[in-house]
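Read through the structure below, which is laid out as structure tokens, and then see the notes.
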């Protein structure tokens, strides 16, 4: 039996992690965070796939391709979190675990960041733990999936 697959989606501007606003987002690169998530997934007997795009449609296509193949989706949608109803609809059509992930805590930032179109279709939200949120999100997904 093949291991469960966890899909990690990274939205706009996350490719700039490590150089973009390090006081808010930290100094780790996206590759660093993906590796931490991958290590946690492998330690838990799962595989991790990662897609980063600055385009909403690419993330939607990745979610569609995950249907019936992937056990969980972890999504750090960046700014798309606050207005991307197409992303919301794609995640709503995914029959599996959905975890919304943020490096910072949107509730402690500008008021427009407190709206999430992902949260209503997410199983849970992990926010404000910086890079530690990535392995935390994978661990939460594995725990919800139960023994493999």
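The values are calculated or read from the model by the stated rules, or taken from the named source; none is laboratory data. Quick caveat, the model's predicted, so the values are computed rather than measured. Glycine gets a Cβ as well: all are built from the backbone with ideal geometry, and neighbour counts include every protein chain shown.
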- Message: I'd like to know if the range 10-17 contains one or more residues that are in a loop (DSSP other than H, G, I, E, B) and more than 15 Å from the chain's Cα centre (by Cα).
- Response: no
- Got a sec? Which of 58, 95, 89 is more than 22 Å from residue 135 (Cβ to Cβ) and part of a loop (DSSP other than H, G, I, E, B)? 95
- Can you name the condition, by its number, that residue 112 falls short on among (1) modelled with pLDDT under 95; (2) in contact with a strand residue (DSSP E or B) (Cβ under 9 Å, 6 or more places away or on another chain); (3) assigned to a helix (DSSP H, G or I)? (2)
- Message: Taking the conditions exactly as written (within 15 Å of the chain's Cα centre (by Cα), closer than 19 Å to residue 147 by Cα and surrounded by fewer than 17 Cβ atoms within 10 Å (Cβ to Cβ)), does residue 37 satisfy them or not?
- Response: no
- Task: Return yes when residue 72 is crowded, with 22+ Cβ neighbours inside 10 Å, in contact (Cβ under 8 Å) with a residue 40 or more places away in the chain and closer than 22 Å to residue 4 by Cα and no when it is not.
- Result: yes
- Failed item in (1) at pLDDT 95 or above; (2) in a helix (DSSP H, G or I); (3) within 22 Å of residue 124 (Cα to Cα), with residue 45 passing the rest: (2)
